[in-house]
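Working notes, structure below.
Derivation of every value follows stated rules applied to the coordinates shown; laboratory data play no part. From a predicted model like this one, the values you see are computed outputs, not experimental measurements. Positions of Cβ are backbone-derived with ideal geometry, glycine not excepted, and every protein chain shown enters the neighbour counts.
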Amino acid sequence: MPTFPLDLAELEPGELEDALEARGHKRFHARQLFRWIHRRGVTDFSAMTDLPQSLRDELGRECTVGTPVIVSDQLSSDGTRKVALALSDGQTIEAVFIPDTPSMTFCVSTQVGCAMSCAFCLTGRMGLARHLTAGEIASQVRVLATLTGHLETRFNIVLMGMGEPLHNYEHTMKALRILHAEAGLSVSPRRVTLSTVGIVPALERLAEEALMPNLAISLHATTDAQRTAIVPPNRKYPLKAILDACRRFPLPKRSRITFEYVLLAGVNDSLEDAQRLGTLLDGIRAKVNLIPLNPAPGIPFERPSDRQVDAFAAALAARRITVSVRKSRGRDIRAACGQLIVDGGTGRSAAQQVATLMR
Ligand code: SAH
């Protein structure tokens, strides 16, 4: 992070106190400043009326509040809203607002692009341009909540936008601390769901975190051969390693791990797959979230029929596994799962990125 101007959006409360103290100011102003930025969505220091004028002036000269700029804003017929956000270096990401009753959900990105190359996901086609910083991850929520008028209400956050959150571990966890801070949006970790392909060492680190989000694992297949073909990181972290890490995961009382399972017609949607999935999840406090494929141009798979989806769900339910089918939201504006993509060069290819990660 460049030290000048200092980007206050990147700081968690303790760091903001330290930064003020280092400049000769009272630590308690950090709380006021944090509240202005994160709870009220105000980035103009001159409007922060409870701060001393001299401090406001100094902040104006030496600091910024990095805030992604909305460059497009699309509304789906189902109320889902997708924004494209330009970052300070000109990269673009997408974030999605999903209104539902009783609660609202913000779906945010953790990387520009993604290195995982899942065969059915458009974001995977982009390759990875770079990780997002903690401020850039948290700011998506601030910007969306400001835009949709939800700074004051409770909402859920899903880390299911562009990118693999556990491939950007430090920044993602710091973003969660910023979002959780009491002077800010005060988002409880129980309202946050982190979705991952299952990077085992990172899952083990996550198990030690104080602020633990709900966990969703993108399983998508029931044999290693099948999974490696559609989720390449499986080569390094195969099913057994992921499921063992899930068995060891210190789940809070009454909570369960969600296993996401994208249904691809004729690939992983047979009743044998459903049976194998049930067996794999034996002994894990699990629920399954089926995601019928959201098709997209260039994605070489098809969405199964509703009948097949129902039969798959019924086979799991018959084994007393809690199962839900994810509603596809915002497909008309390409805001649904796996449909987030930003055009433009990203430098290295997805294949190169995966090769680096898998080393
Ligand atoms: N990198 C994270 C977040 C991905 S997005 C992860 O892998 O979990 C959230 C979910 O959407 C994942 O389960 C992902 O595999 C799924 N997904 C990706 N492309 C999809 C598509 N075209 N249709 C349906 N689901 C898709």
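For the reader, a short list of remarks on this structure follows.
- The Cys residues in the chain with no partner Cys Cβ within less than 4.7 Å of their Cβ are C63, C107, C114, C246, C337.
- For segment 1-69, a crude dipole built from +1 on the beta carbon of Lys and Arg and -1 on the beta carbon of Asp and Glu, taken about the Cα centre, is about 300 debye to the nearest 20.
- Inter-label distance, nm, simple model (7 Å from Cα along the C-beta direction), R307/T101: 3.3 nm
- Geometric descriptor of the chain, per residue, is 139 Å³ (volume of the convex hull of the Cα atoms).
- The alpha carbon centroids of segment 216-274 and segment 151-165 are separated by 22 Å.
- Pairs of C-alpha atoms in segment 6-64 farther apart than 17 Å represent 24 percent of all such pairs.
- Theoretical ellipticity at 222 nm over the chain - DSSP helices of four or more residues, -39500 (n - 2.57) apiece, nearest 500: -9000 deg cm²/dmol
- Cut-off 12 Å between beta-carbons: net charge of the residues surrounding I257, Lys and Arg +1, Asp and Glu -1: +4
- The charge dipole of the chain, taken about its Cα centre with unit charges on the Cβ of Lys, Arg, Asp and Glu (plus for the first two, minus for the last two), comes to roughly 1000 debye.
- Charge-dipole axis of segment 229-332 as Lys and Arg at +1 and Asp and Glu at -1 on Cβ define it, positive-most pick from S328, V267, Y237: Y237
- Within straight-line reach of K253, meaning a Cα separation under 29 Å, sit the following lysines at least 8 residues removed in sequence or on another chain: K174, K240, K287, K327.
- Signed unit charges on C-beta, dipole axis of the chain, positive-most listed residue V342, T101, A22: T101
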